[in-house]
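Reading through the structure tokens given below for one structure.
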Amino acid sequence: MKNRIYFFLLILCFCTSCSTTKKLTGDETLYVGVKKIEIETPKKLKLENRQKSAITSPLSYPPNNPLISPYYRTPFPIGLWVYNWNIKKEKGLKWWLYRQLAKKPVLLSDVQPDLRLKMVENNLKDYGFFEIRHSYEIIPRKHNPRKAKISYRVELPEPYRLNTVALWGWPPAMDTILHNSMPYSLLKPGNQYDVNEMEQERQRLTSLLRNLGYYYFQSDYIEFLADTTQHPRKVDLRIGIKQGVPDAAFRPYRIENVEISLSGSANEGTRDTLVKEGIQLDYIPPQTLKDKFIVNAVQLRPGQLYSAWRQNRTQVNLVQLGVFKYANLSIRPTDTITSGKLDFKIDAVYALPIETEVEVDVSSKSNNLLGPGLTLSLSNRNIFRRAETFSLKLTGAYEWQIGGTKNTNDKGLINSYELGLNLNLSIPRLSPRFMKTNADRQERTNFQIGTDFLNRHSYFRMISFWGNASYDFFSSRRNHHSLIPFKLTYTHLLRTSHEFDSTLNNNPAIALSFRNQFIPSMSYTYTFDRAATYRNPNRLFWQTSLTQAGNILSGVEYLVGKKGSGKKIFGNVYSQFLKLTSEIIKYRQVSDNSLVAVRFMGGIGYAYGNTKVMPYSEQFYIGGANSIRAFRIRSIGPGSYHPQNQSVTAYLDQTGDIKLEADIGYRFKIAGRLYGALFMDAGNVWLLRKEKERPGGEFRLKGLWKEIALGTGVGLRYDITYIVIRADLGIALHAPYDTGKNGYFNIRNYGFKDGLVLNLAIGYPF
């Protein structure tokens, strides 16, 4: 072992002795990054992230081998070392390595700091900062003056602000429309002058006019006239219309004819036409899709004012029906541009009714299971001529646990697999009568039945059957609702191991959660997702779900005279519980290449009436790649409980009825597609009822903070566009159970490796 260390140190000394400035000539200086970027602002002025980026982005020129660009470099500039080799022959291994690895040095002359500060100056004019002061300083290295960093300083004056905002030179009809919309304008007196907000206002006004009939109006017809001479650091802004705009742009247009031409079906023959709600359909009989579904998808009607929103919505609706390969929409004036009328024609081509799909993937689950999966799908579009989609899916997955215990007897970490069959019927806009509305809610109703077979080697084999009906819709762009009025699940243990049975015998509560049972449930999930925008680049996500099981069935049985617990259906006890979960995630952008993500989540489940314990699949657990990353899956909780006997089935005890978790992470770009992260996680699970088999597991406010597990760590992410490969190294700081070590930081490290947990996963944890 010592020889290996000496050899490594020898290689390290050899590499670090290589010069990175050997081939520099004359007064050339190697640029090694930015020392600092100092931004001085007026008092009480707080720069937004996009304004900071306007300064830092041009100045953040990366040096060779950047680690955190542009400030830090990796300690091993291999590309520069190789570049400085003496190459005498352009052949052989050394020449091949040179071509593959050599990186040309980045010089101070390449950076051009004067030009970059000019770019900053121009960028800041878009935000109302004029006559800024700036400077830079070249800082040579003490031990090697041929290497140098650059420090920048930018001093901002008070920004120009809007004094008045007025419409100017618009025709009376258009002026009235725009004037009535000005309370919703993005440009308000007192706001900081911002060219980007002016562009957004241009788009807003254009959309408003185009949705009220002005088909030929374009956004570049609008101009802004800014007067800065009347008041110091004040802008009088006029929103006008350019010279030379064609007359057609000032005229509202109405829809004269709407024609839909359907093709691509298997039918051949003479085409037929019919007119429904003023829309003409041209097709080959018999019609593949019922007429009313096509007509309902089209938002355009003869006699209406032209609306760009209705046009776009029509194309989206036709595509969302799922039966068309594409739907092209063309518009032309009825006779001449001056007629004020438009004809619409939609050419819709049917897709093939039968579609097959094979999907191979690698899944990473919250229980640290990683492995390949295969999905075979067969779909039949428009099976009943109502735009329904019937699909059959066969799934299979083989998994092993990443970073599991090193106990050689723990064979349960490998040879786990799942098989599943799922039948799904998806129907657009099938909703209860009391929920009918004319609003565009992107509704979809799904009916599903399926079965899953789960094998956990050395643990158990379980089969489950389930069926549900769900209704999903968007009430607005940010608000999504999912209602499952009925779901029935049946779980059945086929085989168990001796150790698994021993665990169940020693813990009656766990045994109850694993018994054969029916779970009749209904649930509602609300999701709010405010995506990042120019004005607010900080995304906010909130999801809350409420599930109840067995209550309706129990109420019916109560009415017919069946009372008490232990009631059964089909010879099996059914579960009865309430469960509430909620999660809120906030993403705050720090710069163009970094952000802070914060997550708070919690849940509570209460079993009562017919059963006293929730099914095992409904209980909460914590730890693992997507939770508290410094602890392995189900290795902490409930509360301060910790199993004394670390058998292969010990993890079964570590679930609860209550869960609290908080996570914060700083994500930043390192180079190219490689990103880094610093994170901290905290949380635990608890029981609602006291159990003698799991002492300390019940939820108590007293001493709660000591029962919150805490961990930190660092991570790497490699983004290959369609997936993100993630590695997180977790470092435990506080365990909620007695470790034998006093104080809050009670983790006992028996060796450097033993205090670390490596999590490999696909995708971000949140």
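Results, tabulated for the structure shown:
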quantity: Filtered residue count, region 487-506, keeping only those that are surrounded by 14 or more Cβ atoms within 10 Å (Cβ to Cβ) and assigned to a strand (DSSP E or B); calculated: 7
quantity: Selected residue (criterion: farthest from TYR61 (Cα to Cα)) from residues of region 111-122 that are free of Cβ contacts under 8 Å to residues at least 60 places away in the same chain and open to solvent by less than 60 Å² (accessible area, probe 1.4 Å); calculated: GLU121
quantity: Among residues of region 338-350, those that are surrounded by 16 or more Cβ atoms within 10 Å (Cβ to Cβ) and not in a strand (DSSP E or B), counted; calculated: 1
quantity: Any hit, region 243-253, residues being over 25 Å from ASP343 (Cα atoms) and either in a loop (DSSP other than H, G, I, E, B) or out of contact with any strand residue (DSSP E or B) (no Cβ under 9 Å at 6 or more places or on another chain) (or both); calculated: yes
quantity: Considering residues of region 592-617 that are outside any loop (DSSP other than H, G, I, E, B) and polar (S, T, N, Q) only, the residue surrounded by the fewest Cβ atoms within 10 Å (Cβ to Cβ); calculated: SER617
quantity: Inter-residue pairs, beta-carbon under 6 Å, first of a type in the set (Asp, Glu) and in region 123-141, second surrounded by 14 or more Cβ atoms within 10 Å (Cβ to Cβ) and assigned to a strand (DSSP E or B), 6+ apart; calculated: GLU137/SER151
quantity: Any hit, region 100-110, residues being under 23 Å from PRO159 (Cα atoms), open to solvent by less than 70 Å² (accessible area, probe 1.4 Å) and either without any contact (Cβ under 8 Å) to a residue 40 or more places away in the chain or touching a Leu at 6+ places or on another chain (Cβ under 6 Å) (or both); calculated: no
quantity: Boolean, LEU300 is among the aliphatic types (A, V, I, L, M), within 42 Å of the chain's Cα centre (by Cα) and part of a loop (DSSP other than H, G, I, E, B); calculated: yes
quantity: Given (1) more than 24 Å from SER470 (Cα to Cα); (2) charged (D, E, K, R); (3) at pLDDT 85 or above, index of the condition LYS487 fails; calculated: (1)
quantity: Residue pairs meeting the criteria (Cβ under 9 Å; at least 6 apart or on separate chains; first within 21 Å of LYS669 (Cα to Cα), in region 73-95; second assigned to a loop (DSSP other than H, G, I, E, B) and of a type in the set (Lys, Arg)); calculated: PRO77/LYS103; ILE78/LYS103; GLY79/LYS103; GLY79/LYS104
quantity: In region 212-248, residue most open to solvent (accessible area, probe 1.4 Å) [restricted to those that are small (Gly, Ala, Ser) and touching a helix residue (DSSP H, G or I) at 6+ places or on another chain (Cβ under 6 Å)]; calculated: SER219
quantity: Test: residue in region 59-75 that is surrounded by fewer than 20 Cβ atoms within 10 Å (Cβ to Cβ), of a type in the set (Val, Ile, Thr) and out of contact with any strand residue (DSSP E or B) (no Cβ under 7 Å at 6 or more places or on another chain); calculated: no
quantity: Selection status of PRO736, open to solvent by 70 Å² or more (accessible area, probe 1.4 Å) and either in contact with a Lys or Arg (Cβ under 6 Å, 6 or more places away or on another chain) or not hydrophobic (A, V, I, L, M, F, W, C) (or both); calculated: no
quantity: Residue among GLN644, GLN589, GLN576 that is open to solvent by 10 Å² or more (accessible area, probe 1.4 Å), of a type in the set (S, T, N, Q) and modelled with pLDDT under 80; calculated: GLN644
quantity: Verdict on ILE414 being open to solvent by 50 Å² or more (accessible area, probe 1.4 Å), at pLDDT 60 or above and of a type in the set (Val, Ile, Thr); calculated: no
quantity: Residue under evaluation ARG313, criteria (1) open to solvent by 60 Å² or more (accessible area, probe 1.4 Å); (2) part of a helix (DSSP H, G or I); (3) in contact (Cβ under 8 Å) with a residue 60 or more places away in the chain, criterion not met; calculated: (1)
quantity: Qualifying strands (runs of 3 or more DSSP E) (wholly inside region 628-732; at least 3 residues being under 26 Å from TYR606 (Cβ atoms)); calculated: 658-671, 674-686
quantity: Residue in region 299-306 that is more than 30 Å from THR176 (Cβ to Cβ), of a type outside the set (Lys, Arg) and crowded, with 17+ Cβ neighbours inside 10 Å present; calculated: no
quantity: The one condition in (1) within 20 Å of ASP653 (Cα to Cα); (2) out of contact with any strand residue (DSSP E or B) (no Cβ under 8 Å at 6 or more places or on another chain); (3) surrounded by fewer than 14 Cβ atoms within 10 Å (Cβ to Cβ) that LYS741 fails to fulfil; calculated: (1)
quantity: Inter-residue pairs, beta-carbon under 7 Å, first over 24 Å from THR547 (Cβ atoms) and among the small types (Gly, Ala, Ser) and in region 619-644, second at pLDDT below 85 and open to solvent by less than 20 Å² (accessible area, probe 1.4 Å), 6+ apart; calculated: ALA625/ASN368; ALA625/ASN759; ALA625/ALA761; ALA630/VAL757; SER635/GLN654
quantity: Criterion violated by LEU329 - all others in (1) in a helix (DSSP H, G or I); (2) in contact with a helix residue (DSSP H, G or I) (Cβ under 7 Å, 6 or more places away or on another chain); (3) of a type in the set (A, V, I, L, M) satisfied; calculated: (1)
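Table: residues versus (1) within 29 Å of ARG332 (Cα to Cα); (2) under 34 Å from the mean Cα position of the chain (by Cα).
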{"residue": "GLU131", "(1), (2)": "no, no"}
{"residue": "ARG146", "(1), (2)": "no, no"}
{"residue": "PRO157", "(1), (2)": "no, no"}
{"residue": "ALA173", "(1), (2)": "yes, no"}
{"residue": "LEU178", "(1), (2)": "yes, no"}
{"residue": "LEU187", "(1), (2)": "no, yes"}
{"residue": "ASP194", "(1), (2)": "no, yes"}
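To keep it simple, each residue is scored yes or no on (1) over 28 Å from ARG456 (Cα atoms); (2) of a type in the set (D, E, K, R); (3) out of contact with any strand residue (DSSP E or B) (no Cβ under 7 Å at 6 or more places or on another chain).
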| site | (1), (2), (3) |
| --- | --- |
| GLU618 | no, yes, no |
| TYR621 | no, no, no |
| GLY665 | yes, no, no |
| GLY672 | yes, no, yes |
| MET680 | yes, no, no |
| TRP686 | no, no, no |
| GLY715 | yes, no, no |
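The values are calculated or read from the model by the stated rules, or taken from the named source; none is laboratory data. Everything numeric in this text was worked out from a predicted model, so none of it was measured. With ideal geometry, Cβ positions are generated from the backbone for all residues, glycine too; neighbour counts draw on all protein chains shown. Surface accessibility is based on the protein's heavy atoms, side chains included, excluding ligands, DNA and RNA. Shrake-Rupley method; radii C 1.70, N 1.55, O 1.52, S 1.80 Å.
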